[in-house]
1. Under 19 Å from residue 136 (Cβ atoms) and crowded, with 16+ Cβ neighbours inside 10 Å - does that describe any residue in the range 335-356?
2. Based on what the data block shows, is residue 377 modelled with pLDDT of 95 or more, part of a helix (DSSP H, G or I) and assigned by TED's automatic domain parsing to the domain that holds residue 238?
3. Would you confirm, using the coordinates I've provided, whether residue 319 is at positive phi, out of contact with any strand residue (DSSP E or B) (no Cβ under 8 Å at 6 or more places or on another chain) and surrounded by 18 or more Cβ atoms within 10 Å (Cβ to Cβ)?
4. Can residue 353 be described as in contact (Cβ under 8 Å) with a residue 40 or more places away in the chain and acidic (Asp, Glu)?
5. What is the number of the single condition among (1) out of contact with any Lys or Arg (no Cβ under 9 Å at 6 or more places or on another chain); (2) closer than 26 Å to residue 183 by Cα that residue 96 does not meet?
6. Quick check: anything in the range 318-339 within 20 Å of residue 32 (Cα to Cα) and part of a loop (DSSP other than H, G, I, E, B)?
7. Considering only the range 121-143, state which residues are farther than 25 Å from residue 178 by Cβ, in contact with a helix residue (DSSP H, G or I) (Cβ under 7 Å, 6 or more places away or on another chain) and not aliphatic (A, V, I, L, M).
8. Looking at the range 266-308, which of the residues that are of a type in the set (Ser, Thr, Tyr) and out of contact with any Ser or Thr (no Cβ under 6 Å at 6 or more places or on another chain) is farthest from residue 141 (Cα to Cα)?
Amino acid sequence: MTATEQSCRDRVVVIGSGWRFASGISHYTYLLSSALANEYDVGALLMRRLVPRRLYPGRDHVGADVADAVVYPPNVPVYDGVDWYWGRSLTNALRYLDRQRPTVLILEWWTGAVLHTYLRLARYAARRGARVILEWHEGQDVGEAALPGTRRYVRTLMPRLLSLVDAHVVHSSYDLQAIPAAYPLGDALVQVMPHGPYDHVVRSAAVPVDPAADAPFQLLYIGVVRPFKGVEDLVAAFSALDRDQASRFRLSVVGETWEGWTAPDEAIAGSPHADLIERVDRYVTDAELAAYVARADAIVLPYHRSSLSGPLHIAMTAGLPVVVTAVGGLVEVVREYSGAVLVPPRDSIALRDALLQLPERRGKRYPNPHTWQATVDTYRALISRLHQAEPRHQVGTSQATTGADGA
């Protein structure tokens, strides 16, 4: 059977985040499903209510229509979605799987809140012959991992899910080392697959633009503000500029505060250049995000740690210069992106010096080395390898009509 014939036969269901608890994984699930739909019959099964709203760090934007530009393609049936407490939402999800009859199930992993549901769905699909792929965006959300009960819960249940997984996808060589060190992956296939671009809201602008030479240089931080994001380091670097230097810039910090992390706002309030800093403390819509990126001259991401970064991919999609810390998988992400300036983490002086170099890049745009076609090609090769290997789990026989088999 040729690869094209196999692709036509395969039916893929992508399971990931929905829009009620909107996040970068919501966007990734949409983009991956849309890209794979060019080659496979694809469905998207979404997680709807991840946790009780009061427990979610971004509770203020839960249910808001922030992804106003996103519509799944008409050829991608969507079930939205499964609630953490299940009820009828799970029964309907199993019926959705019965209708889709996936030969490949792709689970987007980013939070322990979905673990019990992923275990149920993976077991159900595997018993009906599906090959299961787990795509890792990080080992566990860093905020969750700081909670002993949540950490133990994930460590206890994760081996059950991993026993059903035929292949793992990671997004960098860094995660290729980090994920197996944290979890027992056994003899499942492991594939490094670069993250595709966030090109559904911000379009590529990899051509020079004509800047206004006398306008302030616009610096932008985008993304949620959390302890590991290092936004206070950026404010410290900006504050370390003398007044003449700082007056050449304007800094916008755009993103809602999570986990009560007020250090960046306190640093802004105490900055000698506070009048040159704009602070937008909320989860902005896709349209607002596009507007902030369109007016930016550079994006600055001063993370203390990170496996992946949606804002980094937004910056590369826009072709903007980006200052990013050399942590985790981000060094590999920007290896072929000529617009990147790497700095050490937690080093406000190095960050200040990098800011001072940015005006030399005003108006320049850089080509993004990442494409969704590369993602599709890698998935095609991985799925082909899975069909040539024996499944890792025992496939049983059952009636695939009511979803009544046990979890």
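1. First, the residues of the range 335-356 that are under 19 Å from residue 136 (Cβ atoms): none.
No, the range 335-356 contains no residue that is under 19 Å from residue 136 (Cβ atoms) and crowded, with 16+ Cβ neighbours inside 10 Å.
2. Numbers: modelled with pLDDT of 95 or more: yes; part of a helix (DSSP H, G or I): yes; assigned by TED's automatic domain parsing to the domain that holds residue 238: no.
Considered against the rule, which asks whether it is modelled with pLDDT of 95 or more, part of a helix (DSSP H, G or I) and assigned by TED's automatic domain parsing to the domain that holds residue 238, residue 377 comes out as no.
3. Details: at positive phi: yes; out of contact with any strand residue (DSSP E or B) (no Cβ under 8 Å at 6 or more places or on another chain): yes; surrounded by 18 or more Cβ atoms within 10 Å (Cβ to Cβ): yes.
Yes, satisfied.
4. no
5. The single condition residue 96 does not satisfy is (2).
6. yes
7. 124
8. Step one: of the range 266-308, the residues of a type in the set (Ser, Thr, Tyr) are 271, 283, 285, 292, 303, 306-307.
Checking the rest, the ones that are also out of contact with any Ser or Thr (no Cβ under 6 Å at 6 or more places or on another chain) come to 283, 285, 292, 306-307.
On the way: 283: 18, 285: 23, 292: 27, 306: 11, 307: 11 Å.
For the range 266-308, the residue satisfying everything is 292.
The values are calculated or read from the model by the stated rules, or taken from the named source; none is laboratory data. Note that this is a predicted model, so its numbers are computed, not measured. Here the Cβ is made from the backbone with ideal geometry for all residues, glycine too, and neighbour counts use every protein chain on show.
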